[in-house]
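Data first, discussion second: the structure below is written as structure tokens.
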Amino acid sequence: RLLPLSVLKKEANDKRIPNKRIKGTSQQAYYEALRDYVEVSGDIPVFVDQMNLYLEGIGARDTYFKNPHGLHHPEHHTTAYDMALITKEALKHPFFLEIASSVKHQRPKTNKQNPTMMIQSNRLLRKGNYYYAPAVLGKIGYHSDAKHYIVSVAKMNGSTLIGVIIIP
């Protein structure tokens, strides 16, 4: 999900989360970076409570999360409208846009993994049959419990369009 990065307010020079890890386009790299952030900031339930309060403060009144990464939990709920609000908030942070719009990223070798080229799975952002030049970011997801969703953003002629579809 796009959600947690909008509340992290991560600065590019913040050493707590290595930029190379957070810039990875794979969900695994994203979840590892988020875990590191939550560990630095305190305990997970407190972080999730703060995250939910933040979301309510931006107007996302029909969204509730039980974990910081957004993976399925039976008590999670949101709406397309709230996801659009969350995306709008996230777009205020240039570092988020840089991460979310990356088409590919070379993840360096670590003590546990070999280097890997990570490729954006959203076809709107990659050259090919479905490429859409005004698209600046998009997240397509599926989980057997949560089902299908897509959040996409396009910019053209000074306007920004946020589209959200949730298919339960």
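Read-outs: derived from the displayed coordinates by stated rules, not from any lab. Treat the numbers as computed from the prediction; the structure is a model and nothing was measured. Cβ sites come from the backbone with ideal geometry, for glycine too, and all protein chains shown count toward neighbours.
Okay, here's what the table says:
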{"quantity": "Whether segment 71-164 is rounded, prolate or oblate, judged on the alpha carbon gyration tensor where a/c under 1.5 counts as rounded", "calculated": "oblate"}
{"quantity": "Peptide ranges 74-85, 90-101 listed from the most packed, as the mean C-beta count within 10 angstrom indicates", "calculated": "90-101, 74-85"}
